[in-house]
């Protein structure tokens, strides 16, 4: 069984070279040259690293069985040879998000914001994996990881712009956008 724990280590080493790093909302992360994606929970900051972001993959929340099947059938694998571009977008939501019931979060997530429907438009060009940090007490509630080929960079920008215009994004209190290229 594959690991469910992931650590994103930012520093001087790593398979992914940082090409751009910016705060979208709130405080940014300390600038780094590279990011290493490690399939385990790293507790101690490695030499040369400036930060670690941790998350765990989990069951899909807020999706129906039909949406799950659509996502599953369209989702490409990560680590495709042609997908040399990536984005790590850590997100923290307002406490008011977590005070909503599961049903109310679903209404904001899909019925108002069309999050899944929007994402489906960009599959299979853009692969994604969501990591949860809220239950782990991490500084970010979600770590979103995307991989895509350079030819799909415009589509990725469109995807991110669409999502940031939704009702769901009114609940975001901190978001950092880290763009990467595989070396």
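The values are calculated or read from the model by the stated rules, or taken from the named source; none is laboratory data. In this text the structure is predicted, and so the values were computed from the model without any measurement. Every residue, glycine as well, gets a Cβ built from its backbone with ideal geometry; the counts of neighbours run over all protein chains shown.
Structure notes:
- Selection within segment 113-131 - touching a residue at least 60 places away in the same chain (Cβ under 8 Å) and either assigned to a helix (DSSP H, G or I) or surrounded by fewer than 19 Cβ atoms within 10 Å (Cβ to Cβ) (or both): 129, 130
- Count of segment 135-165 residues which are within 23 Å of residue 57 (Cβ to Cβ) and either out of contact with any strand residue (DSSP E or B) (no Cβ under 9 Å at 6 or more places or on another chain) or at pLDDT below 95 (or both): 4
- Evaluated against (1) loosely packed, with under 14 Cβ neighbours inside 10 Å; (2) not in a loop (DSSP other than H, G, I, E, B), residue 51 falls short on exactly one condition, (1).
- Given (1) within 23 Å of residue 150 (Cα to Cα); (2) in contact with a helix residue (DSSP H, G or I) (Cβ under 7 Å, 6 or more places away or on another chain); (3) at pLDDT below 95, index of the condition residue 76 fails: (2)
- Options 128, 105, 183; residue that is under 19 Å from residue 39 (Cα atoms), modelled with pLDDT under 95 and in contact with a helix residue (DSSP H, G or I) (Cβ under 8 Å, 6 or more places away or on another chain): 128
- Selection status of residue 110, in contact (Cβ under 8 Å) with a residue 24 or more places away in the chain, over 30 Å from residue 41 (Cα atoms) and outside any strand (DSSP E or B): yes
- Taking segment 147-183 as the range and being in a helix (DSSP H, G or I) and farther than 12 Å from residue 85 by Cβ as the test, the residues that pass are 158, 159, 160, 161, 162, 163, 164, 167, 168, 169, 170, 171.
- Those residues of segment 58-69 which are out of contact with any helix residue (DSSP H, G or I) (no Cβ under 6 Å at 6 or more places or on another chain) and not in a loop (DSSP other than H, G, I, E, B), in sequence order: 65, 66, 68, 69
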